[in-house]
1. Expressed in nm to one decimal, what extension gain is obtained for the pair Ala597 and Ala156 from 0.36 nm per residue of sequence separation less their Cα-Cα distance?
2. Most exposed first by the Cβ proxy, i.e. fewest other Cβ within 10 Å, how do Met180, Met61, Met554 rank?
3. Cα axis of helix 624-639 to longest principal axis of the chain: angle in degrees, 0 to 90, nearest 10?
4. Kindly state, to the nearest 0.05, the FRET efficiency for Ala570 paired with Arg57, given R0 = 41 Å and r defined as their beta-carbon distance.
5. Of the labelled options (1) 55, 41, 25; (2) 47, 28, 21; (3) 75, 32, 21, which one gives semi-axes √(5λ) of the Cα gyration tensor in Å as computed for this structure?
6. Rounded to the nearest 0.05, what FRET efficiency do Arg359 and Lys395 have when you use their Cβ-Cβ distance and R0 = 35 Å?
7. Positive end of the charge dipole of the chain (Lys, Arg +1 and Asp, Glu -1 on Cβ, about the Cα centre): tell me which of Ala381, Pro247, Ala637 has its Cα farthest that way.
8. So, R0 is 45 Å and r is the distance between the beta-carbons of Ala618 and Arg587; what FRET efficiency does that work out to, to 0.05?
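Please treat every number below as a calculation from the coordinates, not as lab data. Not measured: the values here are computed from a predicted model. Because the Cβ atoms are built from the backbone with ideal geometry, glycine has one as well, and the counts that use them run over all protein chains shown.
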Amino acid sequence: MAALPATTARTYLHSTSLLRLLAVMLLVLAPHFARLPWGETVAILAVLAWRALAARRRWRMPGKLVRGALTLAAFAGVYWSYGRINGQHAGVALLVVMAALKLTEMDQRRDVMVTVFLMYFLCVTHFLFSQEIWTVLYLFAAAVSVTAILIEANHAGEPLPLRLTLRRGGSLVLQSVPLMLLMFVLFPRVPGPLWGLPSDAGAERSGLSDRMSPGDIASLILNDELAFRVRFEGRVPEPRERYWRGPVFWDFDGREWSEGLGALSQEPLQLEVGGEPLAYEVVLEPHRALWLLALEMPDVSSLPAGARLTQDGRLLARNAVRERQLYRMRSYLDFRLQPELSERARRYATRLPPQRNPRAQALAAQWRAQGLDDAAIVEAALRMFREQDFFYTLKPPLLGQDPVDDFLFNTRRGFCEHYASAFTTLMRAAGIPARVVTGYQGGERNGVGGYYLVRQSDAHAWSEVWLAGTGWQRVDPTAAVAPNRIEQNLASALSLDESLPLGLRRGGADAWVRLQDSWDYANAQWNRWVLAYGPELQEQLLSRFGLSGWRDLMLSLTIGLALALSLFGALALRRAMPLRPSDPALRAWRRALRPLARAGLEQRPAEGATAFAARVAAQRPELAAVVAELARRYQQARYDGMEPADRETLAGLRAAGLDLRRELRKR
């Protein structure tokens, strides 16, 4: 490889230390490689490899023109990949590339310090994408490694032993942990981030969408990411009762469903509940939308702070859910929603595009022409799904221009969204108000923690129809085709020639299942007490110690920080003080010399007792005899024998010291 044009051949770090720095930078950057475009990853690895070869073969650093061209190429590459150079993803990508390019001019102490502190900052950027336990453990190791490089960069000469720098780096990081914990527990928590973040900040949006078309939810089934965890405080509802309500769709263009409420969103909520409510706690993963997941139907008096229940039963937060949220809820399984339907809502819930899916509209008109009432038409549609050759499958065939007609009369193979869409279309064509509801159904119990996990693979779609005297009533056409999906789980509803991906399969050896449950339980506790540690949880925790309100919080934080810093300061002063000698003869000698030091005659660090006595005799002849006697007794106590001096010898040394004090007083 040819050397680049050079500006200087100076190198601040030893080649071994530089290679260690490159290894630590690779450790810090590695998790970002999975998020960066492959071209940028290759470019970064190429720069790291070139810098390592340059250190070994003593190549010179590139000149300003080359570095400027590389910088412009980095900006262009990031912009070409993301369409911007700011924001969470593009900004981090640009920072990573520029950190790698910093290596091309790292030949002075200032450049090394900038690179080291830049690596600290890069560690923090990983938390923008993941805050899981493994991320914290990985970045703890990265912080120790960066601190070790910082120690080595401040050591001139030959590189320190690797074990020594890592031990010192780990010691410094561990010393910061108590202060970090104090700040974490006591620093006032505020809802949301402390500063404004770019529009693409936060977790990637995953899970349910505000639109639904054929195949959307089927694609979610292959996603084993967690949607939320739930812990029931009393009775656990049966699987068939666990409908977690999310977006509600009113508009249909013949293929795609969307929310499209319009003026209906201003109508008042009518909700009548009965029976005993179910109490539970939800830890919701961020999905960057407004909806909160809850069992049908939430108790209005138990809504999370800032949340509201809309007239169509959606539970919405005040702001998009960009961070994990912990909230407690109560829900009634026995309820009536909107028992009175406005004329505007009726028209809205029976609209269909006139030129789309004509065969489905004709079938519904035929049922109505037979004199069937609304309840009978609902049963006729379910009986058609139940008795005719419809199949529940993860791999439905593609549908044509009129997807409902194609599904009902041709393919007859589909997933829950196919059945919900087709059933709702049939109801509307028959003049029955109907809509599609999406959310999650079911959940898997964790055997260690006793809570339930609801994953993206539990995403589900069902229908609601409005019947006089009943209000909006849930109708799940999937249950007519694949009842096992509702009563048990997804895997039991699939045919023998279909199987779930490995990550979604539950089973195997008991030890393996328990290990999975234990790991998820550890993550659940981490989410609950660390990632979900917000204002409410902080207030609950501190109230146990009699602390409440901002004043108490700030006072306790100030006192805690003062005590912690005082402790650290005392430890630092103690380490800076000279060690107290363990030899009693040496302690007695130094104690005896203190009066001489105050008189301006202090023993020099490399000066022996005899030489010191001679210097005192030259400067203060009147003290020559007593200082010579003191030096003789010190040498006798310190060096005459291998064992520590006996009491008699030490007593003679102390007596000589007293004689010196008396002589100084006379003078």
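1. Values: separation 441, 0.36 × 441 = 158.76 nm, distance 3.51 nm.
Roughly 155.2 nm would be gained on extension.
2. Values: Met180 10, Met61 23, Met554 13.
So the ranking, lowest neighbour count to highest, is Met180, Met554, Met61.
3. On a 0 to 90 degree scale, this one is about 50.
4. Details: r = 50 Å, r/R0 = 1.22.
Calculated transfer efficiency: 0.25.
5. Only one option fits the structure, namely (3).
6. On the way: r = 24 Å, r/R0 = 0.68.
With R0 = 35 Å, the Cβ-Cβ based efficiency is 0.90.
7. Ala637
8. 0.95
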